[in-house]
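Novice: Questions regarding the structure given below will be posed in turn.
Bear in mind that the values in this text are calculations on the coordinates, not laboratory data. Predicted model, so just to flag it, every value in this text is computed and none were measured. Heads up, the Cβs are rebuilt from the backbone with ideal geometry, glycines too, and the neighbour counts pull from every protein chain shown.
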Amino acid sequence: MVESTPKAILTRIVNNAKIHLPGSIEDGIQYELYNVLDELLSETDIWYEDIPFEAQPDVVDYDVVPITGRIVHLIYCWPADSDYRVHEIPAVMPQPGWLQLYRAPSEIQPAQVRVSLTVLDPVTRAGFPQCPTWILERYHQTITSGLVYKMALMPNKPWSNGEIGVLYGQKFRNSIGQAKVDYLHAHTRGAQRWRFPQQFMPMLRR
Amino acid sequence: MALVTVEDYVREARILLQDLLVPYRYADTELISGLNMGLEQAHKLRRDLFLKYATTPEYPVLAATEVDIDPGYRRAVLFFMVGHAQLRDEEETTDARASAFLTSFAAQMTTAV
């Protein structure tokens with residue numbers, strides 16, 4: 001079986017977009033690809049990473065550094081020996097990468113923080129932004145729609161087309177909404193859509 | 001033949017200018033100047049064609065140096081070269097041809113023609 005690589009999938013996405021955008025060139029599409037992935041990932045939180053750290057007594061500020069990607073949101077912070085759905089450590093992120101606990105623990109406490117990520121500059125040597133393969137596979141049509149939407153709305157280009165741009169913009173926005181739902185339901189068909197009223201939650205949720 | 005190098009552009013421009021016999025009516029330097037101006041105009045209209053460059057690439061001499069522009073837009077640059085060369089002449093026919101070539105250049109750069 002031939003395994004998909006990020007480059008192969010991104011090449012397919014770019015080629016798909018080129019078919020819809022007569023006269024467009026690969027460099028321009030690759031440039032816009034970064035913006036499309038950034039919009040998709042920043043608004044949906046579908047790419048996240050759990051980062052372990054050790055909460056220290058009297059220390060409330062921590063630097064959080066993901067392996068790759070750029071931090072968008074703090075999602076959860078919780079004790080490492082527990083589950084984020086059961087116990088949460090109240091915290092905020094005044095700036096991406098700066099974790100601030102509401103209260104410092106009284107003793108050393110191993111903890112984990114979950115942050116959502118988006119694409120990072122610089123791109124790879126092939127000119128593509130780095131992004132998990134599963135996102136490219138799962139959302140390749142969304143990314144293509146985003147590319148066509150952004151490119152078609154450019155002024156005075158051979159591929160400029162307001163109607164196509166608006167149409168694909170709607171498809172892109174709808175797909176972003178669906179991706180957000182996918183994330184909230186953990187990609188599970190028929191998962192609980194009803195949510196416990198947030199003001200009665202026993203802990204903070206973002 | 002394909003348009004790849006500076007020499008290719010000058011050769012194809014001479015065909016459209018009907019300037020194939022030595023001594024040439026249009027000097028190589030004039031045509032190369034037209035090529036570079038065409039690239040500058042292309043840069044102004046289509047920044048995406050030159051994303052890897054901080055400024056417009058320039059080709060000062062007649063050589064087998066590759067002109068780095070997407071194949072889909074080489075013909076447009078050639079048309080600019082020819083139109084720009086014909087602007088020099090003061091005849092009604094060349095004025096019309098110059099205008100047609102320059103208009104075609106702009107159209108190819110900005111519309112799906």
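Novice: Please give the average number of partner chain Cβ atoms lying within 10 Å of the Cβ of each residue in B:45-58, rounded to a whole number.
Specialist: Working: counts 2, 6, 2, 11, 3, 1, 6, 2, 0, 0, 0, 0, 0, 0.
So the per-residue partner count for this stretch is 2.
Novice: May I pose another question? If you take the alpha carbon radius of gyration of the protein assembly as shown and divide it by 2.2 N^0.38 Å, what ratio comes out, to two decimals? Numbers along the way, then the final one.
Specialist: Values: Rg = 27.8 Å, N = 319, 2.2 N^0.38 = 19.7 Å.
Ratio of Cα Rg to 2.2 N^0.38 Å: 1.41.
Novice: Then there is this: Per 10 Å bin, what is the whole-percent P(r) computed from every C-alpha pair distance within region B:6-109?
Specialist: Going from the shortest bin to the longest, the percentages are 16, 50, 29, 5, 0.
Novice: For chain B, what relative contact order do you get, as a whole percent, if you take Cα pairs closer than 8 Å and at least 6 residues apart?
Specialist: On the way: 131 pairs, mean separation 34.9, N = 113.
After rounding, I find 31 percent.
Novice: Could you pull out every residue, at least 5 positions away or on a different chain, whose amide H is within less than 5 Å of the one on A:Val72? Hs are placed 1.01 Å off N in the peptide plane, and Pro or chain starts have none.
Specialist: Counting only residues 5 or more places away or on other chains, the set is A:Ser116, A:Leu117, A:Thr118.
Novice: Another one. Quick one: net charge around B:Tyr9, please, counting Lys, Arg +1 and Asp, Glu -1 for every other residue with C-beta under 13 Å from its C-beta. Walk me through the intermediate numbers first.
Specialist: Values: positive: B:Arg11, B:Arg14, B:Arg74, B:Arg75; negative: B:Glu7, B:Asp8, B:Glu12, B:Asp28, B:Glu30, B:Glu66, B:Asp68.
Taking every other residue near B:Tyr9 into account, the sum is -3.
Novice: Quick one: which of A:Lys18/B:Lys52; A:Lys18/A:Lys157; A:Lys157/B:Lys52; A:Lys7/A:Lys157 span more than 21 angstrom between C-alpha atoms? If you can, show how the numbers build up before the last one.
Specialist: On the way: A:Lys18/B:Lys52 19 Å; A:Lys18/A:Lys157 13 Å; A:Lys157/B:Lys52 19 Å; A:Lys7/A:Lys157 27 Å.
In this structure, A:Lys7/A:Lys157 lie more than 21 Å apart at Cα.
Novice: If neighbour count is taken as other Cβ atoms inside 10 Å, put A:Ile67, A:Ile108, A:Ile143, A:Ile176 in order from fewest to most. Intermediate results must be reported in sequence, preceding the final value.
Specialist: Working: A:Ile67 7, A:Ile108 11, A:Ile143 26, A:Ile176 21.
By the 10 Å Cβ count, ascending: A:Ile67, A:Ile108, A:Ile176, A:Ile143.
Novice: Now for a different question. Per residue of A:54-62, count partner chain C-beta atoms within 10 Å of its C-beta, then hand back the mean as an integer. Please report the intermediate quantities before stating the final value.
Specialist: Details: counts 0, 0, 0, 0, 0, 0, 0, 0, 0.
The mean count of partner-chain Cβ atoms within 10 Å per residue comes to 0.
Novice: Taking N as the number of residues in region A:18-106, what value does Rg over Cα atoms divided by 2.2 N^0.38 Å take?
Specialist: Numbers: Rg = 18.4 Å, N = 89, 2.2 N^0.38 = 12.1 Å.
Here the answer is 1.52, to two decimals.
Novice: Based on DSSP loop calls and a cut-off of at most 13 other Cβ atoms within 10 Å, the longest stretch of chain A free of exposed GluC sites (Glu not before Pro) is what? Walk me through the intermediate numbers first.
Specialist: Numbers: sites that count: A:Glu3, A:Glu107.
The answer is A:4-106.
Novice: Just rank B:Leu17, B:Leu39, A:Leu120, fewest to most, by other beta-carbon atoms within 10 angstrom.
Specialist: Working: B:Leu17 20, B:Leu39 23, A:Leu120 16.
Fewest to most other Cβ atoms nearby, the residues stand as A:Leu120, B:Leu17, B:Leu39.
Novice: A:Ala104: net charge of surrounding residues, Cβ under 14 Å, Lys/Arg +1, Asp/Glu -1, itself excluded?
Specialist: Taking every Cβ under 14 Å from that of A:Ala104, the sum is -3.
Novice: Something else about it: Only sites in a loop by DSSP and with at most 16 other Cβ atoms within 10 Å count here; which trypsin sites (Lys or Arg not before Pro) in region A:1-93 make the cut?
Specialist: Working: sites: A:Lys7, A:Arg12, A:Lys18, A:Arg70, A:Arg85; in loops: A:Arg85.
Of the trypsin sites (Lys or Arg not before Pro), the ones in loops of region A:1-93 whose Cβ has at most 16 other Cβ atoms within 10 Å are A:Arg85.
Novice: In chain B, which longest range has no GluC sites (Glu not before Pro) that are both DSSP loop (not H, G, I, E or B) and surrounded by at most 11 other Cβ atoms within 10 Å?
Specialist: Details: sites that count: B:Glu58, B:Glu90, B:Glu91.
The longest such stretch corresponds to B:1-57.
Novice: Subtract the Cα-Cα distance of A:Gln170 and A:Ala80 from 0.36 nm times their separation in residues, and report this length gain in nm to one decimal.
Specialist: Working: separation 90, 0.36 × 90 = 32.40 nm, distance 4.09 nm.
Full-extension gain reported as 28.3 nm.
Novice: If you don't mind, another one. Quick one: Cα centre-to-centre distance for region A:91-156 and region B:72-101, in angstrom?
Specialist: 49 Å
Novice: Return the sequence-ordered ³J(HN,Hα) values of region B:57-69 in whole Hz as given by the Karplus equation 6.51 cos²θ - 1.76 cosθ + 1.60 applied to θ = phi - 60°, using x for Gly and Pro.
Specialist: Coupling constants for region B:57-69: x, 10, 10, x, 10, 6, 7, 8, 7, 6, 8, 7, 8 Hz.
Novice: So which trypsin sites (Lys or Arg not before Pro) in region A:99-185 end up in coil per DSSP with only 15 or fewer other C-beta atoms within 10 Å?
Specialist: Numbers: sites: A:Arg103, A:Arg114, A:Arg125, A:Arg138, A:Lys150, A:Lys171, A:Arg173, A:Lys180; in loops: A:Arg103, A:Arg125.
Within region A:99-185, the qualifying trypsin sites (Lys or Arg not before Pro) (loop, at most 15 other Cβ atoms within 10 Å) are A:Arg103, A:Arg125.
Novice: Would you mind computing Rg(Cα) / (2.2 N^0.38 Å) for region A:57-142, counting N as its residues?
Specialist: Details: Rg = 15.9 Å, N = 86, 2.2 N^0.38 = 12.0 Å.
Compared with the compact-globule rule of thumb, region A:57-142 sits at 1.33.
Novice: Can you tell me the orientation of helix A:26-44 relative to chain A, as the angle in degrees between its alpha-carbon axis and the longest Cα principal axis, to the nearest 10?
Specialist: 30 degrees
Novice: Further question: How many nm is it between the label spots at B:Thr93 and A:Thr11, if each spot is 7 Å from the Cα in line with the beta carbon?
Specialist: For the pair B:Thr93/A:Thr11, the computed spacing is 5.0 nm.
Novice: Separate question: Need the full-extension length gain, B:Gln18 to B:His43, defined as separation in residues times 0.36 nm minus the C-alpha distance. One decimal, nm. Write down the numbers at each step before the final one.
Specialist: Numbers: separation 25, 0.36 × 25 = 9.00 nm, distance 2.79 nm.
Extending this stretch completely gives an extra 6.2 nm.
Novice: Compute the distance in nm between two label points, each set 7 Å from the Cα along the Cα-to-Cβ direction, one at B:Arg11 and one at B:Lys52.
Specialist: 2.4 nm
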